[in-house]
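The values are calculated or read from the model by the stated rules, or taken from the named source; none is laboratory data. Keep in mind that this is a model prediction, so the values were computed, not measured. Don't worry about glycine lacking a Cβ; one is built from the backbone with ideal geometry, like all the others, and counts go over all protein chains shown. These accessible areas exclude ligands, DNA and RNA; they are computed on the full protein's heavy atoms, side chains included. Shrake-Rupley method; radii C 1.70, N 1.55, O 1.52, S 1.80 Å.
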Amino acid sequence: MLSPTVVRPTVVFRPTVVIGLGGTGYEVVLKLKKRFIDVYGSVPEVIRFISIDTTENIQEREKSPDGTKVVLEPNELYAISVANPLPLTRNDHIAEWWPRDISAASLISGAGQIRARGRLALFAKVGDIDALIAQAINAVREIRTSKQAFSDNFQVSSRDGVEVFIVGSLAGGTGSGTFLDTAFLTREHLNNFSNITGVFVLPRVFANIPQTHLVKSNAYGALKEIEHFWGLSPSNSIEIDYGIRKIKADRPPFDAVFLIDGVNKNGTVVGRPDDLQNLVADGLYIQIGSQIGLDAANVADNIRAYLATGEKVRGRNINYCSFGFATLTLPVQQYERMKLEDAQNLLNRTYAKLHTVGAIHELPLLENQGFNYCLRKSY
């Protein structure tokens, strides 16, 4: 008996760019890329990844099912290391916000949990970062325009616009120091049909790691800034001077912000950063790369529309969301054994019935053949 053809549902991908900031952003992007490779064999070209960090990351942590290492390619990685950032702090567009009591030592091994140092590194390489983001957005936009399909199971959404996810932690120096400017730079390359979604890890999961005494204050400062910039509008805009050019920001940096904590409403605690990074990667994969994501995307659109209404709770705007997911596991081996047992019981009952009519010449039980059993009767 021929096995039935498995019809796989067609997944419709929106043009998407995922930007990971800092160590957490790098880990999530790498894990997310692995999920696409595990399921599809490769990452569809309509999806692009970028990792921006103040240090080089070791790329030997993720492997595909066949043992092949999953890594980010050179065009997906950008290190904003600065050997001697002190002269930069004398430029007017940096001096206006640079804290004088903060060290301007080299930025080659992270930002040392200091948000201003992370922002300084971005300003030092802002031209390259801006070009990298623009290149990724234009690449996925062109694929959508050409209606390019990659296989029978991949389609590109006809919906206009690009989905951008900016992922990182609000607890460290790099992610927390660069996420707002990354969003403002990204917004310059998007049309009004595009969305920027922030997905940020809160500091709880880092609390027990040595030398992380600034994680709570960093997150508090970052959240205060997000709250402040939700008020941007054409009548209440700001101008940001990046040296290479000035940007007028007249929209909030994000259309939606998802905050991911290390504990859920039932009190279950995620104690390791790696576990929480896996959770974020799973949540993003479901939204971006699965058939379920079509419904999830519609929900996300509804969330953005609801946020745009400006409704208030306790006098504050409703600006933040979160997400969770669940898994349904089918025990395949147990299921196969149950099928064989049911088939054997069926044959035993059939044998008993046939015995009352005539002799059974042969009744072989072919194991591992599912329900393809043979009954032959002699009269």
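Within the stretch 97-117, is even one residue of a type outside the set (A, V, I, L, M), within 24 Å of the chain's Cα centre (by Cα) and either under 28 Å from N192 (Cβ atoms) or open to solvent by 20 Å² or more (accessible area, probe 1.4 Å) (or both)?
Yes; the residues of the stretch 97-117 include at least one that is of a type outside the set (A, V, I, L, M), within 24 Å of the chain's Cα centre (by Cα) and either under 28 Å from N192 (Cβ atoms) or open to solvent by 20 Å² or more (accessible area, probe 1.4 Å) (or both).
Inside the stretch 231-251, can you point out the residues that are touching a helix residue (DSSP H, G or I) at 6+ places or on another chain (Cβ under 9 Å), open to solvent by 30 Å² or more (accessible area, probe 1.4 Å) and either over 21 Å from A116 (Cβ atoms) or among the aromatic types (F, W, Y) (or both)?
Hits for the stretch 231-251 are R245, R251.
Tell me, which helices (runs of 4 or more DSSP H) lie completely within the stretch 22-135 with 2 or more residues that are hydroxyl-bearing (S, T, Y)?
Answer list for the stretch 22-135: 22-40.
When you check D250 against the structure, is it touching a His at 6+ places or on another chain (Cβ under 9 Å) and among the acidic types (D, E), yes or no?
no
Does any residue in the stretch 63-83 that is within 20 Å of K125 (Cα to Cα) come within less than 6 Å, Cβ to Cβ, of a residue that is of a type in the set (D, E, K, R) and modelled with pLDDT of 80 or more six or more places away or on a different chain, and which pairs are these?
I80/K125
Exactly one condition in (1) out of contact with any Ser or Thr (no Cβ under 6 Å at 6 or more places or on another chain); (2) of a type in the set (A, V, I, L, M); (3) under 29 Å from V313 (Cα atoms) is false for A207; which is it?
Tallying (1) out of contact with any Ser or Thr (no Cβ under 6 Å at 6 or more places or on another chain); (2) of a type in the set (A, V, I, L, M); (3) under 29 Å from V313 (Cα atoms), A207 fails exactly one: (3).
Checking the condition assigned to a helix (DSSP H, G or I) and open to solvent by less than 50 Å² (accessible area, probe 1.4 Å), which residue from G221, G198 passes?
G221
Of the residues T212, T186, only one is out of contact with any Gly (no Cβ under 6 Å at 6 or more places or on another chain) and part of a loop (DSSP other than H, G, I, E, B); which?
T212
Starting from the stretch 195-211, take each residue that is within 16 Å of L276 (Cα to Cα) and list its partners that are of a type in the set (D, E, K, R) and part of a loop (DSSP other than H, G, I, E, B), counting only C-beta distances under 6 angstrom and pairs at least six apart or across chains.
L202/D261; R204/D261
How many residues does the stretch 2-26 contain that are open to solvent by 20 Å² or more (accessible area, probe 1.4 Å) and at pLDDT 90 or above?
Result for the stretch 2-26: 1.
Residue by residue through the stretch 12-35, note down the ones that are touching a Lys or Arg at 6+ places or on another chain (Cβ under 6 Å) and under 26 Å from A121 (Cα atoms).
Passing the criteria: only V17.
Hey, any hits in the stretch 161-172 for a residue that's modelled with pLDDT under 90 and among the aromatic types (F, W, Y)?
Among the residues of the stretch 161-172, not one is modelled with pLDDT under 90 and among the aromatic types (F, W, Y), which makes the answer no.
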